[in-house]
Structures are given as structure tokens and as C-alpha cells.
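Below is one structure, written out as C-alpha cells; the observations come after it.
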Amino acid sequence: MKKALITGVTGQDGAYLAELLIKKGYIVYGLKRRASTFNTKRIDHLFVKNRGDETNFHYAYTDMTETTSLVRLLKEIEPDEIYNLAAQSHVKVSFDTPEYTANADGLGVLRILESIRLLGLEKKTKFYQASTSELYGKVRETPQNENTPFYPRSPYAVAKIYGYWITVNYREAYNLFSCNGILFNHESPIRGETFVTRKITRAAANIALGLQKKLLLGNLNAKRDWGHAKDYVKAMWLMLQQDKPEDFVIATGITTSVREFAVKSFGYVGINLVFLGEGEEERGIVDHIDHERYERRIGKKFAHIRKGDVLIEVDPFYYRPTEVDLLLGDPTKAREKLGWEPKYNVEMLVDEMMDSDLKMMQKEDYLKKGGFEITPQIEDIM
Ligand code: NAP
Ligand code: F7E
């Protein structure tokens, strides 16, 4: 049985990838960091009920900022494949914590690559690095492919550039099977709540249920090539099954603005929005209600929102010091060499996220709390 090690197993991609690899018959070792609250919500279903029960899923503690535990774990496990998904992955937060982000997202990659060398695992262990479309930043051409030059626009992207090039360098210098997946934004029902898609679908669900009044957003004009994380973890695995290590762009080839994503999400529950005004004065306003759709999705008659109500406002708090305006990936190489095709388009993604968030918000215990736990109004949601 092949052994795979996943850093960042408690994250969105880590959870989907662990599931995929277990289904493929791997023994999966997930690395997690210590947190003061439970941080295993996305992978709880993978744990055994009793210690000692048979399982193909194991976990261990480490941190990307510490070399010694990484070396020890690699020595114990001797994995066939390593998927390095751990990172401080929030672009806006990286402006507040640039040094930590550089350490975890940049040097963290080096720590793993050096550990592979130190332990003489170069011939055995294949390495996947979670690179990102943020590398393209202020884009030099559209669409972006494997040859498009980089122009990072955040401490996150600058740290990830180091991770990208050190992965290439170790491949060229030491013959390591190390490759970069340059993944464009990918989302899902288990996407972190502080990324814009999930912030929108949670708020749309809450507002439809009468648990939240307004949604505050930053730059509505930003455009992203949004895919589904389930499709994207398959691409990660495919990259490590090739005869030779290469870097691949993974994207859908379609870009959508934040504004349009919000329109689609509210539209799912029959709330049709129109945007009026410009810049900080722009507002998302109820244009009309599709009562039949609302009733079908929510299971009760519509009451609390009227035409003309303002549901979305712009708050400059969510602006970034430097923004990435437009991302659109060209996944031709992945299609031709990996045979990779996404199953989801952005409409299917919105439907699945909305459906999941509605179910979650409708749970009796949330409602009993008046939605308090899930509707921070002055949000810490970046
Ligand atoms: P995520 O949900 O934020 O998960 C990140 C994971 O890294 C979590 O398990 C987190 O642990 C862990 N982590 C953070 N700092 C750590 C540290 N210092 N030591 C050990 N673990 C640490 O991110 P994701 O969306 O699954 O993305 C996975 C990877 O792909 C990341 O490297 C991200 O930068 C990259 N990426 C993501 C996208 C995307 O659109 N999702 C696109 C391109 C690239 P906690 O659970 O404890 O926080
Ligand atoms: O922002 C704009 C924001 O935080 C998308 C990470 O997974 O994908 C992700 O990075 C856009 C930006 O993702 C809000 O300004 C407007 O233009 O969802 P996001 P991101 O920055 O693209 C890449 C590929 C990664 O690698 C990263 O790890 O939406 N936006 N209003 C907002 N963004 C947030 N978060 N919150 C807002 O209120």
C-alpha cells in the first residue's frame, strides 16, 4: 500500500485529498498543528472511534515553522508521496502577518525538501507543492498559463513564489520528483468562512432565513476563476502519477466577478439583486423576489425582505493594500497531459455551497441561538 503524507490536512483541500487517497487505497498520514480549539471539523469522519481500531488514516502534530518534527515524521513514515498543503492561506491576513507567512509558506517548503534530502528519500518520495494563481498577481497576460511571468501582489504571493522556485530548483539540482500545481481559486461547502465565496453563501443563506440583515464586502470588481476543490485535489494526485515531474496550471477557464458571484448566490434562494452606485457607494439592492423559488428552497412562505431593501454594502475595511484584479487560467496543459477536466462549473459550485449553507443555518440549534454563532455582524470575517 502506498503511503501519502499531507500537510495542512485540517484545511479544505487536505480534507478532500485525504478522502480521495483513502478511497484509492493509500495509507494517509495527516499532519496538523496544535490549536486551542478543535480544528479537525473537516476530517472528524476519518478518525477511528476507538484507539487501536484499524484505520488507513493517521495523524501527527507538526508545524511548518519547525524543522525537527518534520524530519522525525518523514523518517518514521518514509512516504511515497508528500502533498504540501499547509499554509497561512489568507491573502489579506498576510499583510498583517508577513513574516510568519513567509516562514510557514516559503521556508516551510524548503524544510520539507531538505528533509527529503537529509533522509536520502530523493528516489522514493514524490513531492507536490500547493502553488497558486496569486503568483500572477498584476497579470502580465490573460489567460494565464505555465509560461506567464509572475508579479506577486501580497506577502502571501511573495512567500509562495519562494515555495514555487525552491520546488523547481530541487527538481533541477537534485533530481527530486517535485512539482507545482498552480491552482486557481477553488471553493466548496467546506471552504474557510473568511474567503469571499463562503462569506457570500453563508450570508445569502442567513439573510434568506432572516438571521442576518446585511452583507459587507470589499472589492466587488475583482474577478476570479473559481472551481470546485473536489476537482482540484484530483489534479494534485494526477501530477504525482506522471513519469516525470512537471508544473501545471489548474483552472476552469472561466472568470466571474465577486458581484456576479453574489448575484448567483442570492438568486439561488429567489432574491434577485441589482447593483447601483459606484465604489464605496455601491449597493446590492433587492430588485424582485421569485416567491416560488424562495418557497422551494426555504420551505416556507416569503415574508421579511422587500423590493428596494439594501442587502449588500461596500466596506473599505475589506480592501487590500494591493489587489489582484483579474485571474483567468488556461488549463490546456493539464487537459492534454493529465487528462484532467473539471466536473463542476461556477453555477454548480454556487448551488452546492448554497444548499449546504442553508442546511447548516437551518439546523435547530443554530436557530435557537438566533443565529448568533454564525452571524457576526461587525465581522472578524476578512
Ligand atoms: P486552508 O483551508 O486555509 O488550509 C490550510 C491548512 O494549513 C490548514 O490545515 C491549516 O491548519 C494549515 N496550516 C496553516 N499554517 C500552518 C502551520 N504553520 N503549520 C502547519 N499547518 C498550518 O487552505 P486550502 O484552501 O485548503 O489550501 C490548501 C493549500 O493550497 C494552501 O497552501 C493554499 O495556500 C494553497 N492554495 C489554495 C487555493 C484555494 O483557492 N483554495 C488556491 C491555490 C493554492 P488549521 O486548520 O489549524 O488552520
Ligand atoms: O478573495 C475580494 C478580494 O479572499 C477573492 C486563497 O485561497 O485564492 C484565495 O485567495 C477576491 C479578492 O481569495 C471581500 O479582494 C471582496 O479580490 O476569497 P478571497 P483570494 O485572495 O483570491 C488564492 C488562489 C489562494 O492561493 C489563496 O490561498 O474577493 N473580496 N470582498 C473579498 N475577499 C474577502 N476574503 N472578503 C471580502 O469581504
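Rule-based calculations on the coordinates, nothing more; no lab input. Keep in mind the model is a prediction, meaning the values are calculated, not measured. When we count neighbours, we look across all protein chains shown, and the Cβ atoms used for this are built from the backbone with ideal geometry, even at glycine.
Where the eigenvalues come from the Cα gyration tensor of the range 55-134, what are the semi-axes √(5λ) of the equivalent ellipsoid, largest first, in whole Å?
Equivalent ellipsoid semi-axes, largest first: 24, 13, 13 Å.
Just want the ordering: 54, 313, 172, 134, from fewest to most Cβ atoms lying within 10 Å of their own Cβ. Can you show the working numbers first?
Values: 54 5, 313 15, 172 9, 134 25.
Listed from fewest to most nearby Cβ atoms, that is 54, 172, 313, 134.
List the lysines whose alpha-carbon lies under 19 Å from that of residue 307, not counting same-chain residues fewer than 8 positions away?
Once the sequence-local lysines are set aside, what remains near residue 307 is 213, 214, 264.
Could you list 340, 165, 226 in order of exposure, starting from the residue whose Cβ has the fewest other Cβ atoms within 10 Å?
165, 340, 226
Using only alpha carbon pairs under 8 Å that are at least six residues apart, calculate the relative contact order of the chain and give it in whole percent.
Numbers: 764 pairs, mean separation 63.3, N = 382.
In percent, rounded to a whole number, it is 17.
With respect to the cross-link table entries 24/333; 75/337; 123/223; 3/223; 234/301, which display a Cα-Cα separation exceeding 30 Å?
With Cα atoms farther than 30 Å apart: 75/337; 123/223; 3/223; 234/301.
Tell me the Rg and the Dmax, in Å, that the Cα atoms of the chain produce.
Rg then Dmax for the chain, in Å: 21.4, 66.
In degrees from 0 to 90, rounded to the nearest 10, what is the angle of the helix 108-118 Cα long axis to the longest principal axis of the chain?
20
Counting only the backbone N, which residues of the range 212-230 are under 18 Å from the spot 7 Å out from the Cα of residue 287 toward its beta-carbon?
The answer is 220-221.
Return the aspartates and glutamates within reach of residue 124: Cα separation strictly under 15 angstrom, same-chain partners fewer than 8 residues apart disregarded; answer none if there are no such residues.
Within reach: 76, 78, 80, 81, 114, 243.
Based only on other Cβ atoms within 10 Å, what is the fewest-to-most ordering of 122, 187, 281? Let's see the in-between values first.
Values: 122 16, 187 26, 281 9.
Final ranking by Cβ density, sparse to dense: 281, 122, 187.
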